[in-house]
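Since the structure comes first, as structure tokens, the remarks are kept for the end.
The values are calculated or read from the model by the stated rules, or taken from the named source; none is laboratory data. Only a predicted model underlies this, so the values are computations on that prediction, with no experimental measurement involved. Cβ: placed from backbone, ideal geometry, glycine included. Neighbour counts: every protein chain shown.
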Amino acid sequence: MGDNVVYKILKDHLVEGEIVPGSEIGIRIDQTLTQDATGTMAYLQFEAMGIPRVRTEISVSYVDHNTLQTGFENSDDHRYLQTMNANYGIHYSRAGNGICHQVHLERFGRPGATLLGSDSHTPTGGGIGMIAIGAGGLDVAVAMGGGPFFLACPRVLNVRLTGRLRPWVSAKDIILQVLSILTTRGNVGTMIEYTGPGVAMLSVPERATITNMGAELGVTTSVFPSDNLTRAFLRAQARESSWREILPDPDAVYDRTVEIDLDRLEPMIARPHSPDNIEKVSALKGMKINQVAIGSCTNSSYRDLATVAAIVKGRKVHPDVSLAIAPGSRQVFEMIARDGALADMIAAGARIMESACGFCIGAGQAPQTGGVSLRTNNRNFEGRSGTNSAQVYLVSPETAALSALAGELVDPMDVSAEMYPAVDAPESFIIDDSMIIPPSDTTAPVFRGPNIGEPPYTVPLTDAINGLIQLKVGDKITTDHIMPAGARLIYRSNIPKYAEYVFENVDPNFSTRALEGKAQGLYGAILGGHSYGQGSSREHAAICPMYLGVRIVMAKSFERIHAANLVNFGILPLVLADESDYELIAQGQKFSATGLHSRIMGEGRIGIRIGGKEFEFELQATRRQREILMDGGLLNYTRSRMR
Ligand code: MIC
Ligand code: SF4
């Protein structure tokens, strides 16, 4: 029985466990990345571990999320990161150098390596044939210290691409089609591997668009083989020596295969407010739009922006539409500036944004009230754009550009195939790494402005607990619901302040109520439905509730990264043994349990009395995670083991 690409790379990095789907494995991590919004907390925690220098092949710290600097907070964070990184052996990519995933793909990604990043779109790296996984900042800090990363050995799902994409249909349409088949639910514990003849027509940045949005499926990561096109991309980045071929064995086996016929694929669109709410563009064409935003780590490569420029060249953006374009990296920005594509966009009336996350995270470009926005990014969760009533749709750069000119949703298939501006992959990219500052050999004082707080500590759970169900919510609660980004992002390194905004858009009184409970010595609990914690990897969605006294989250099911983050901060993720119990538990009810410690360490169910009635829960945690919970979180656990 031959191996697939996923198992080949995992076997190369295995330090604990066996390749048996579902069992826990530990893998060595070659590279790490952080971005500023999750990075400050990750590095504060790394400092708290007391390790003098990172022990990875390379660790890079990017500044791309909080770049607006409307007050001192962001600048303080940047300065902290730069000075801290220099001391600890970490490369620092300055604000303006681009979005972490795009820059990492261009300058550091390497086929066959493992990458752990404190951002849920780290799987973008799968486009270059690496196993790239998103995790909480604390997990990344442990990996920087040389510790293995623990995960459930995945099942491998084969997405086989056959045929050829027609003009006007592109990588974004492939992943939207995959989302329509697999949806955002039920894919935990799976990795996707792309195979089949269709792979050969996708360049590395196009593959990266597909692996990037694998995050929306809830899979651990997605990966493409490393073939001659991977080699050509690395050559164009002057990094050919990093290339190695990694193909599945001819008799490789997969747990399941889904086939997509590219010949028949059409332009696709995700409707509000979920990336798996998929429709064909043709079904919605003619819809009036107010805004188009092109960029983000999903679709901001040279190929994407050169295509957009060619479409808008010599034409004008519709007067009712605001078109914003954010190049993914400084390399992309400089390439389009030098070859004239940028001038074509400016002449058409586009608003050119900094090379950063920007609109994607609600930092600027909030649509008008009730506005319809077409975007090329990966998430259209309610309110994420900064306007709660906005209707955000996700589309390809081709669909976005054509629609910006028309003022309404255009089906690209209505435009003649001859008009399609097929952009060739460049033979060489402009290479200038001067905005990536290498670490220093000496140490210097670390800058800590008033926005830089201490990482919060947790205490172990007591054996007998009493508390209150502080909030009951429904299905598909995202980490954006739990911990809003946008204007609140500036408080990422200031936990007491950021905690004031927990569930802000769901229940504005939540944080005050939870803190009052905590002051009375009560544990807080949250009750959720399916896929609790989907979306962003932000560990603040665990740290801040923990700060407010939340020590239990009960749900019908959890997403992987968030469940791990809860454990890392000493919060019990409990799955309802009987889903129908959800209806019987109400917000405001009291709960209690005794003998909790032996039940955390045992294998059986955990019983909790809620509102006078006994309910049963499964603690879906590995042995190691149970020990972490007993220690009150990963930081305590790591420090006690290092001593
Ligand atoms: C996102 O796309 O939601 C973010 C912002 O990049 C997050 C990280 C964060 O919240 O800082 C992610 O995807 O993990
Ligand atoms: Fe940045 Fe958006 Fe990508 Fe998150 S999804 S890393 S906010 S561009």
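What tally of residues in the range 410-424 results from selecting those that are closer than 18 Å to D304 by Cβ and either over 31 Å from the mean Cα position of the chain (by Cα) or not in a loop (DSSP other than H, G, I, E, B) (or both)?
Number of matching residues: 4.
Among (1) touching a residue at least 24 places away in the same chain (Cβ under 8 Å); (2) farther than 17 Å from I469 by Cβ, there is one condition V550 misses while meeting the rest; what is its number?
The failed condition is (2).
Residues checked against (1) within 16 Å of ligand 2 (Cβ to nearest atom); (2) farther than 16 Å from G218 by Cα:
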{"residue": "C153", "(1), (2)": "no, no"}
{"residue": "L157", "(1), (2)": "no, no"}
{"residue": "W168", "(1), (2)": "no, yes"}
{"residue": "K172", "(1), (2)": "yes, yes"}
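Restricting to the range 242-267, what's the tally of residues that are among the hydrophobic types (A, V, I, L, M, F, W, C), under 28 Å from S180 (Cα atoms) and touching a Lys or Arg at 6+ places or on another chain (Cβ under 6 Å)?
So the count comes out to 1.
May I ask you to list pairs of residues, at least six apart or on different chains, whose Cβ atoms are under 6 Å apart, with the first in the range 473-500 being within 30 Å of L584 (Cα to Cα) and within 13 Å of ligand 1 (Cβ to nearest atom) and the second being modelled with pLDDT under 90 and not in a loop (DSSP other than H, G, I, E, B)?
Between residues of the range 473-500 that are within 30 Å of L584 (Cα to Cα) and within 13 Å of ligand 1 (Cβ to nearest atom) and residues that are modelled with pLDDT under 90 and not in a loop (DSSP other than H, G, I, E, B), there is no close pair.
Out of (1) assigned to a loop (DSSP other than H, G, I, E, B); (2) within 22 Å of S396 (Cα to Cα); (3) away from ligand 2 (no atom under 16 Å from the Cβ), the odd one out for T184 is which?
Looking at each condition in turn, T184 falls short on (3).
Quick check on V103: is it over 17 Å from E559 (Cα atoms) and either more than 16 Å from ligand 1 (Cβ to nearest atom) or under 14 Å from the mean Cα position of the chain (by Cα) (or both)?
no
Does A270 meet the test of being within 26 Å of the chain's Cα centre (by Cα), within 16 Å of ligand 2 (Cβ to nearest atom) and within 27 Å of V6 (Cβ to Cβ)?
For A270, the condition - within 26 Å of the chain's Cα centre (by Cα), within 16 Å of ligand 2 (Cβ to nearest atom) and within 27 Å of V6 (Cβ to Cβ) - is met.
Filtering the range 328-362 down to residues that are crowded, with 20+ Cβ neighbours inside 10 Å, more than 15 Å from S300 (Cβ to Cβ) and not charged (D, E, K, R), which residue is farthest from the chain's Cα centre (by Cα)?
Looking at the filtered set, the residue picked out is A348.
Mind counting the residues in the range 485-526 that are crowded, with 22+ Cβ neighbours inside 10 Å and within 16 Å of ligand 2 (Cβ to nearest atom)?
Of the residues in the range 485-526, 4 are crowded, with 22+ Cβ neighbours inside 10 Å and within 16 Å of ligand 2 (Cβ to nearest atom).
Based on this model, can you work out whether L409 counts as within 16 Å of ligand 2 (Cβ to nearest atom), hydrophobic (A, V, I, L, M, F, W, C), touching a strand residue (DSSP E or B) at 6+ places or on another chain (Cβ under 8 Å) and more than 22 Å from G96 (Cβ to Cβ)?
So L409 fails the test.
I'd like to verify a number: residues in the range 185-198 that are surrounded by fewer than 17 Cβ atoms within 10 Å (Cβ to Cβ) and touching a Pro at 6+ places or on another chain (Cβ under 9 Å), how many?
1
Could you please tell me which pairs satisfy a Cβ distance under 7 Å, a separation of 6+ or placement on different chains, a first residue in the range 143-172 that is surrounded by fewer than 18 Cβ atoms within 10 Å (Cβ to Cβ), and a second residue that is in a strand (DSSP E or B) and basic (K, R)?
Between residues of the range 143-172 that are surrounded by fewer than 18 Cβ atoms within 10 Å (Cβ to Cβ) and residues that are in a strand (DSSP E or B) and basic (K, R), there is no close pair.
Let me confirm something: among R271, R315, which residue is in contact (Cβ under 8 Å) with a residue 60 or more places away in the chain and either more than 23 Å from G386 (Cβ to Cβ) or of a type in the set (F, W, Y) (or both)?
Of R271, R315, the one residue that is in contact (Cβ under 8 Å) with a residue 60 or more places away in the chain and either more than 23 Å from G386 (Cβ to Cβ) or of a type in the set (F, W, Y) (or both) is R315.
Does any residue of the range 50-62 turn out to be within 30 Å of R488 (Cβ to Cβ) and out of contact with any strand residue (DSSP E or B) (no Cβ under 6 Å at 6 or more places or on another chain)?
Looking through the range 50-62, at least one residue is within 30 Å of R488 (Cβ to Cβ) and out of contact with any strand residue (DSSP E or B) (no Cβ under 6 Å at 6 or more places or on another chain).
With the checklist (1) surrounded by fewer than 24 Cβ atoms within 10 Å (Cβ to Cβ); (2) of a type in the set (G, A, S); (3) within 16 Å of ligand 2 (Cβ to nearest atom) in hand, flag the one item G109 doesn't pass.
Tallying (1) surrounded by fewer than 24 Cβ atoms within 10 Å (Cβ to Cβ); (2) of a type in the set (G, A, S); (3) within 16 Å of ligand 2 (Cβ to nearest atom), G109 fails exactly one: (1).
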